[in-house]
Amino acid sequence: MTEDKILWTARYAEGDLSEEERLEYENLLRYDKELKAYLLDYHDAHGSLIMFMDYDDERNALVAGIQNLNEVYFADDAIVDQPAPVAPSQKTVKFKPYLRWLSGAAAILLVGLLVWSPWKADLYQQYQIVPSMSVTERGAAQNELDQAASLFNAQKYTEAKPLLAKLHAADNKNAMIAFYFAVSLLQTNETAKGRLLLEDLFKGQSVYKNDAAYAMAMSYLKENKKTDAKFWLEKVSNGAVQYDKAQELLKKL
């Protein structure tokens, strides 16, 4: 769960994991992109907070504010005690037993991540639509089309991409091939090239016009470029398959 990963990441960054837990975390970190993003965000935010959190009256007021937040977000037996102001390197706030590792900076970060973090990644994953590639055409290239569709639908975009590139080069007027080639480019981080193809599709009159607009919006949402995402979501036509999702996402953005 998101909350578990955030807590685990903060404990790892604070050096509070056992050796067995640390090794397990680092092993998962090798292939879990979400976990890696939380660790990078934690270090960025933690470093920024430490820069201005000097040991002074403002910091003491901030600690008091954290304890108020603690009562809201970690109810029940939330505050175990009320420690006097201490140096930044020491613990400043005690939460529930499983959160006692939190420093003042970590407490702020944790609340921020728990409240805001289900943020861009969640929105992208909730609203991302990658339609299946259904091959209905017949011809000499049918075997390659079938193979490309099979790979694409299995989310093997890296393997599908060169086949789709070959098919697109042979027939650059084929909107279906152009669309799925563009999506495979987006999914393999060739974003600029994928967007060029999608823009051309949107300017045309094929049945992939709205698919292209929605895919463009998702590509910008993935980068947290909300203004650009909204621009393309607004271009999805009323009556299109993606219209309801586009309108719902627009409200959230």
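The values are calculated or read from the model by the stated rules, or taken from the named source; none is laboratory data. None of the values given here were measured: they were computed from a predicted structure. Glycine gets a Cβ as well: all are built from the backbone with ideal geometry, and neighbour counts include every protein chain shown. Just the protein is used for accessible areas: all its heavy atoms, side chains included, with ligands, DNA and RNA removed. Shrake-Rupley method; radii C 1.70, N 1.55, O 1.52, S 1.80 Å.
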State whether one or more residues within segment 152-165 are small (G, A, S), outside any helix (DSSP H, G or I) and surrounded by fewer than 18 Cβ atoms within 10 Å (Cβ to Cβ).
yes
When you go through (1) more than 19 Å from the chain's Cα centre (by Cα); (2) surrounded by 15 or more Cβ atoms within 10 Å (Cβ to Cβ) one by one for S184, which number turns out not to apply?
(1)
Output for Cβ contacts, cut-off 6 Å, separation at least six or different chains, first residue among the basic types (K, R) and in a helix (DSSP H, G or I) in segment 1-20, second at pLDDT 80 or above and surrounded by 15 or more Cβ atoms within 10 Å (Cβ to Cβ), reads K5/L35; K5/Y38; R11/L17
For K222, are the conditions met, namely being surrounded by 16 or more Cβ atoms within 10 Å (Cβ to Cβ), over 15 Å from P131 (Cα atoms), under 19 Å from the mean Cα position of the chain (by Cα) and in contact (Cβ under 8 Å) with a residue 24 or more places away in the chain?
yes
Output for segment 118-151, where each listed residue is at pLDDT below 90, within 23 Å of E190 (Cβ to Cβ), open to solvent by less than 70 Å² (accessible area, probe 1.4 Å) and not in a loop (DSSP other than H, G, I, E, B)
A121, L123, Y124, Y127, E144
Among the candidates K235, K203, K226, which residue alone is farther than 24 Å from N143 by Cα and in contact with a Leu (Cβ under 7 Å, 6 or more places away or on another chain)?
K226
